[in-house]
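Here, each number is a calculation from the coordinates, and none is a lab measurement. This is a predicted model, so every value here is computed, not measured. Note that each Cβ is placed from the backbone with ideal geometry, even for glycine, and that neighbours are counted across all protein chains shown.
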Amino acid sequence: MFSSEIKVRVRYSETDRMGYVYYGNYATYFEVARVEALRELGITYKEMEDDGMLLPVYHYDVKFHKPCYYDDELTIRTTIPSMPEARIVFHYEVFNQKNELVNTASTTLVFIDRKTNKPCQAPDFVTGKLKKYF
């Protein structure tokens, strides 16, 4: 299993009238966490796209436990729980600055060959970087 953490500071524009982080902004937080987790492995979206690989989101699930507020510093723990095949799964846990779990989520992305626009197996350069964690 591979795990990575990043910190995100809630900006004022990301909150709603109640003062909570607007729920739609979490998808952006998870994208940032996912991209940085892959970067930590030495994999970039640009590299995948340049190699003809697309990675659209197939499934997204989120559960909110507590609200987050403007200026909260959030820690997002991103985990890849299993070796990718034609799909790659990411799990997320978000903690506030008090280390309270505020939400959990998961995304499933599908490897798509740009030329055929069809699902394909995860490229070797992705599985090769992840092998040592499984």
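Here the Debye sum runs over all C-alpha atoms of the range 57-134 as equal scatterers in vacuum, and log10 of I(q)/I(0) at q = 0.13 Å⁻¹ comes out as -0.53.
Report the trypsin sites (Lys or Arg not before Pro) located in the range 62-98 that are in a DSSP loop and have at most 10 other Cβ atoms inside 10 Å of their Cβ, or state none. Mind showing how you got there, number by number?
Values: sites: 63, 77, 87, 98; in loops: 98.
Counting only loop positions with at most 10 other Cβ atoms within 10 Å, the trypsin sites (Lys or Arg not before Pro) in the range 62-98 are 98.
Give me the number: length gained by fully extending residue 45 to residue 113, i.e. 0.36 nm times residue separation minus the C-alpha to C-alpha distance, one decimal in nm. Write down the numbers at each step before the final one.
Values: separation 68, 0.36 × 68 = 24.48 nm, distance 1.37 nm.
Length gained, residue 45 through residue 113: 23.1 nm.
Entry for the range 24-82 at q = 0.21 Å⁻¹: log10 I(q)/I(0) = -1.01, Debye formula applied to identical alpha-carbon scatterers, no solvent contribution. Applying a DSSP loop filter and a limit of 13 other Cβ atoms within 10 Å to the chymotrypsin sites (Phe, Trp or Tyr not before Pro) in the range 15-110 leaves 22, 23. Lysine pair count for the range 2-133 (Cα-Cα distance under 20 Å; residues 8 or more apart in sequence or on different chains): 8. Here is the P(r) of the chain: all C-alpha pair distances, binned every 10 Å from 0, give 12, 42, 29, 15, 2 in whole percents. Angle of helix 25-41 to the longest C-alpha principal axis of the chain, folded into 0 to 90 degrees and rounded to 10: 50°. Once you reduce the range 84-134 and the range 11-75 to the center of their Cα atoms, the two points are 13 Å from each other.
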